[in-house]
Amino acid sequence: MTRSSDSPLRFALLGAGRMGAEHGRALVGLPEARVVAVADPVEEAAQRVARLTRAARTYRDPLEAIHDPEVQAVVIVTPTSTHAALIEAAANAGKAIFCEKPVAADLGETERVMRVVEERGVPFQIGFQRRFDAAFVQARARVQAGEIGTVEQFGATGRDPAPPSLDYLRLSGGLFLDQAIHDLDIARFLVGEVEEVTVLGDARVDPAIGEIGDVDTTTALLKFVNGAQGVIQNSRRAVYGYDVRTEVFGSGGKLVMDATPKTPLLRYGEGVTMDHYHFFMDRFQDAYRAEIAAFVASLRAGEAPQPGPRDAVESLRLALACTRSLNERRTVRVAEVRAEAGVPS
């Protein structure tokens, strides 16, 4: 999408929940963008986000917003099960697309929809916000510059403060597609593609999660194509709050993206105390806004947004490989996961 004027890009927000409001605030803060429409089947929610973003119109049907002639780009933050159809509709309508992960829970559907995007030539960005966090951005640049030599090991920890509802988990696609995919994507971002995975997992937080066929506690071993090794640990519960830590270790040193205080203040008295991020939207608020700003900047420059269709496909493939390893209790080569396999059972 090449800009022919200096007028703001006109957006529709598809979905008026928590993330819809977050992305709406990000767009309001950009003079190069303007929200003109909000779509949500819950009219009250659509009206609330429309007031927040000063959007002129609301729709109950997101397809109506996609086909609004004033809309040039869409931000999709609807339930996962609707993403693929909305992406395809927007691509066919010639609208630029930002979509929260994943495109779909099925690899074949994801690949098919990404082909539509590429055939129509519309800009597309998938929502992996950690790639826009300042620490991860600097770490990637330093790794690529060779500052820590040859990467030999990767480690990541991702723990949420508490599990979502069982109703949510039943539709989530499982821990690796819903939660750990962010750690898997950042492994690809910092180190490279993964060749094979070996996963342990169980329902140690809540037996009811196991009863619906999911897990809440996992450890994944990764073997990267370049020979590096990796470990990713995930949990649905951390009683002290949101916990995300990442390390890249190389022959010349290491880079650590550690859990940081929410406020840069330590209290010394009977020991040392500090506050802590409780939720991912607190920890990555700046990253969420940076990813939307990057999307807008790429559209105005006529450049392909990143992360794009390939990242949507390959990070999902890796998450599905982990799911297969968990379920089949064996090491799985990522290349085994093909479109015809769909979601491993």
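Among the residues of region 180-200, those identified as part of a helix (DSSP H, G or I) and either at pLDDT below 95 or among the acidic types (Asp, Glu) (or both) are ASP183, ASP185. Tallying residues that are closer than 18 Å to SER325 by Cα and either among the aromatic types (Phe, Trp, Tyr) or over 17 Å from the mean Cα position of the chain (by Cα) (or both) within region 166-192 yields 1. All of (1) open to solvent by less than 40 Å² (accessible area, probe 1.4 Å); (2) within 14 Å of the chain's Cα centre (by Cα); (3) within 28 Å of ARG112 (Cα to Cα) hold for VAL296 with one exception: (2).
Matching residues to (1) at pLDDT below 95; (2) surrounded by 22 or more Cβ atoms within 10 Å (Cβ to Cβ):
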| position | (1), (2) |
| --- | --- |
| ALA141 | no, no |
| VAL151 | no, yes |
| GLY155 | no, no |
| PRO164 | yes, no |
| TYR168 | yes, no |
| ASP202 | no, no |
| ASP206 | no, no |
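Scanning region 54-108 for residues that are of a type in the set (Ser, Thr, Tyr) and either open to solvent by less than 10 Å² (accessible area, probe 1.4 Å) or within 15 Å of the chain's Cα centre (by Cα) (or both) yields a total of 2. Among the residues of region 27-47, those identified as farther than 28 Å from GLY302 by Cα and either charged (D, E, K, R) or assigned to a helix (DSSP H, G or I) (or both) are ASP40, GLU43, GLU44, ALA45, ALA46, GLN47.
Considering region 108-136, the residues that are part of a loop (DSSP other than H, G, I, E, B) and in contact with a helix residue (DSSP H, G or I) (Cβ under 7 Å, 6 or more places away or on another chain) include one that is modelled with the lowest pLDDT, namely ASP133. Scanning region 223-234 for residues that are open to solvent by 10 Å² or more (accessible area, probe 1.4 Å) and either of a type in the set (A, V, I, L, M, F, W, C) or out of contact with any helix residue (DSSP H, G or I) (no Cβ under 9 Å at 6 or more places or on another chain) (or both) yields a count of 6.
Among the candidates VAL71, VAL117, the residue that is within 30 Å of ALA321 (Cβ to Cβ) and of a type outside the set (D, E, K, R) is uniquely VAL117. Take the residues in region 48-84 that are assigned to a loop (DSSP other than H, G, I, E, B), of a type outside the set (Ser, Thr, Tyr) and touching a residue at least 40 places away in the same chain (Cβ under 8 Å); name whichever of them is nearest to SER172 (Cα to Cα). Here the answer is PRO79. Within region 260-280, does at least one residue satisfy the condition of being open to solvent by less than 30 Å² (accessible area, probe 1.4 Å) and under 23 Å from ALA187 (Cβ atoms)? So far as region 260-280 goes, no, none of its residues is open to solvent by less than 30 Å² (accessible area, probe 1.4 Å) and under 23 Å from ALA187 (Cβ atoms).
Beta carbons closer than 6 Å, at least 6 apart along the sequence or on distinct chains, pair a first residue in region 87-107 that is on the phi < 0 side of the Ramachandran plot with a second that is among the hydrophobic types (A, V, I, L, M, F, W, C) and assigned to a loop (DSSP other than H, G, I, E, B) for ALA91/VAL122; ALA96/MET1; ALA96/VAL122; GLU100/VAL77; ALA105/VAL343; ASP106/VAL343. Scanning region 285-293 turns up one or more residues that are modelled with pLDDT under 95, open to solvent by 20 Å² or more (accessible area, probe 1.4 Å), more than 12 Å from the chain's Cα centre (by Cα) and not basic (Lys, Arg). So is ALA208 over 23 Å from the mean Cα position of the chain (by Cα) and among the hydrophobic types (A, V, I, L, M, F, W, C) or not? When the stated conditions are applied, ALA208 passes them.
The values are calculated or read from the model by the stated rules, or taken from the named source; none is laboratory data. This structure is a prediction, so every number in the text was calculated from the model and none was measured. Here Cβ is always computed from backbone atoms with ideal geometry, including for glycine, and neighbour counts include all displayed protein chains. Quick note on the areas: whole protein, heavy atoms, side chains included, nothing else; ligands and nucleic acids left out. Shrake-Rupley method; radii C 1.70, N 1.55, O 1.52, S 1.80 Å.
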